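Peer 1: Before anything else, here's the structure in question.
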Amino acid sequence: MDSSVRPAAPLRTETFRRSRPSIVGPDEPEAPFPIVLSGPVQHGFGRGGKDLGCPTANLPDESITPLSSVTEPGVYYGFAQVDSCDPEDNEVYPMVMSLGWNPFYRNERLTAEIHLLHRFKSDFYGRDMKAVVLGYIRPELDYTSREALIEDIQTDIRVAERCLRRPAYQRYSSECQWTP
Ligand SMILES: Cc1cc2nc3c(=O)[nH]c(=O)nc-3n(C[C@H](O)[C@H](O)[C@H](O)COP(=O)(O)O)c2cc1C
C-alpha cells in the first residue's frame, strides 16, 4: 500500500450495517497474520475517547510498516499489551485496530490506532505497546454521521471478542507480552 496517498473510502450504507456477520475469518490465523507491531504510544487528535467513547493508543508511523506494507486500510483484531507501570493495566488484552486515513475525519496521513478492550486506570501515552494482529474485520469506510461510525465500532468490538475466543487465536496472546 502507498502510505502517502489517501485512497477514496466507500460510504457505509444501511445495507452494510444490517448484513454484518458476527464472526469473521478462518478458524486459525492465516498469512499474512500473525503480524507483530510495537512502539511507544503516541497522542492522536483525542477524538477517539471524547467523540466516539473509544479511546485509542496510536502507534508511531515507523511501527506501522510490517502491517501497512502487506495489507489494506481497514479494521483488524488481535491482542495487545501496554508496558504500564500500574499492574492492573499490565495484562494482555483483546484489541480492535483501525489502520487507515479516518475518512470520516479527513485525516491527511495513515495511522494505526488500537482500542484495547480494557478500562485503563493509568495514562498509557509514552508507554511501550506491543500488539499481535491476527485477522481482518472490514474495510475502512466513510460515514454520514458520527452515530453510524460509533455503532460500527461497537459491532467491531463484539466481532473481535468472538473471533479471538477461538482456541487457535488464544494461543497467540503470549506473542505480545512484554513480561512473560
Ligand atoms: C475499531 C475502530 C474502527 C474504526 N473504523 C473507522 C472507519 O471505518 N472510518 C473512519 O473514518 N474512522 C474509523 N475509525 C477511526 C476513528 O475515526 C478514530 O479512532 C478517531 O478519529 C480517533 O482518532 P484520534 O485518536 O486521532 O482522535 C475506527 C476506529 C476504531 C477503533
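FYI, it's all coordinate maths here, none of it is from the lab. These numbers were taken from a predicted model, which means no experiment stands behind them. Neighbour counts run over all protein chains shown; Cβ positions are idealised from the backbone, glycine included.
Peer 1: Quick one: which of 24-36, 93-105 comes out on top by average Cβ neighbours within 10 Å, and what's the full order, highest first?
Peer 2: Those peptides, ordered most packed to least, come out 93-105, 24-36.
Peer 1: Magnitude of the Cβ-charge dipole of the chain, K/R +1 and D/E -1, about the Cα centre, nearest 20 debye?
Peer 2: For the chain, the charge dipole is close to 500 debye.
Peer 1: Where in the stretch 121-180 are there chymotrypsin sites (Phe, Trp or Tyr not before Pro) that are in a DSSP coil and have at most 15 other Cβ atoms within 10 angstrom of their Cβ?
Peer 2: Sites meeting the loop and neighbour criteria: Tyr125, Trp178.
Peer 1: May I pose another question? Calculate, in whole percent, how much of the Cα-Cα pair population of the chain lies beyond 25 Å.
Peer 2: Above the 25 Å cut-off, the chain has 28 percent of its Cα pairs.
Peer 1: Distance between the C-alpha centers of the stretch 6-76 and the stretch 100-161? Whole Å please.
Peer 2: With the stretch 6-76 and the stretch 100-161 each reduced to a Cα centre, they are spaced 6 Å.
Peer 1: Here's a follow-up. Would you please put 81-89, 64-72 in order of how densely packed they are, using the mean number of other Cβ atoms within 10 angstrom per residue and starting with the highest?
Peer 2: Result, highest mean Cβ count within 10 Å first: 81-89, 64-72.
Peer 1: Okay, helix-only estimate at 222 nm for the chain: each DSSP H run of n ≥ 4 adds -39500 (n - 2.57), divide by all residues, round to 500 deg cm²/dmol; what do you get?
Peer 2: Working: 5 runs with 42 residues, N = 180.
So the helix-based figure for the chain works out to -6500 deg cm²/dmol.
Peer 1: As an exercise, take the mean of 1/r over every pair of distinct alpha carbons in the stretch 7-78, invert it, and state the Kirkwood radius in angstroms.
Peer 2: Working: mean 1/r = 0.0660 Å⁻¹.
It is 15.1 Å.
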